[in-house]
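Contents: one structure, followed by commentary.
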Amino acid sequence: LVRELDGEVLILDTVGDHIHRLNETAALIWRLHEDGADERAIADALSARFDVAVDRARADVRDTLQALHRLDVLS
């Protein structure tokens with residue numbers, strides 16, 4: 001189950017009985033990934049939205065996607 005609240009995303013993991021709270025940045029990365037965007041497109045969007053260097057955005061996207069995979073909250 002997924003709910004959005006004030007720019008954040010709450011994901012209820014019914015199997016693991018956890019609630020994952022994604023901040024605005026992680027929520028954007030999660031949404032774009034769920035919409036089918038690849039890492040490069042997500043990094044470009046992150047760079048534009050938060051005015052950060054593309055290289056930094058790519059590293060952040062890679063790290064965030066790895067964390068979300070470990071939590072098993074990506075489809």
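Each value in this text was obtained by applying a stated rule to the coordinates, not by laboratory testing. Nothing here was measured: the structure is a model prediction, and the numbers come from that model. Don't worry about glycine lacking a Cβ; one is built from the backbone with ideal geometry, like all the others, and counts go over all protein chains shown.
Between Glu4 and Ala59, what is the FRET efficiency for a Förster distance of 25 Å, r being their Cβ-Cβ separation, to the nearest 0.05? Plugging the Cβ-Cβ distance into 1/(1 + (r/R0)^6) gives 0.45. Between Val15 and Asp51, the contour length at 0.36 nm per residue exceeds the alpha carbon distance by 9.3 nm.
For the chain, the membrane-span-like helix rule (DSSP H, alpha carbon extent of at least 24 Å along the helix axis, mean Kyte-Doolittle at least -1.0) picks out 54-71; this says nothing about an actual membrane. Modelled label positions at Glu34 and Asp72, each set 7 Å beyond Cα in the direction of Cβ, lie 1.8 nm from each other.
Name the residue from Gly36, Thr14, Leu46 whose Cα lies farthest towards the positive end of the charge dipole of the chain, charges +1 on Cβ of Lys and Arg and -1 on Cβ of Asp and Glu. Of the candidates, Leu46 comes out farthest on the positive side. Over the chain, DSSP H runs of length four or greater, each weighted -39,500 (n - 2.57), average out per residue to a 222 nm ellipticity of -17500 deg cm²/dmol. When +1 charges are put on Lys and Arg Cβ atoms and -1 charges on Asp and Glu Cβ atoms, the dipole computed for the chain relative to its Cα centre reaches about 120 debye. The chain has equivalent-ellipsoid semi-axes of 22, 13, 10 Å, by the square roots of 5 times the alpha carbon gyration tensor eigenvalues, sorted largest first.
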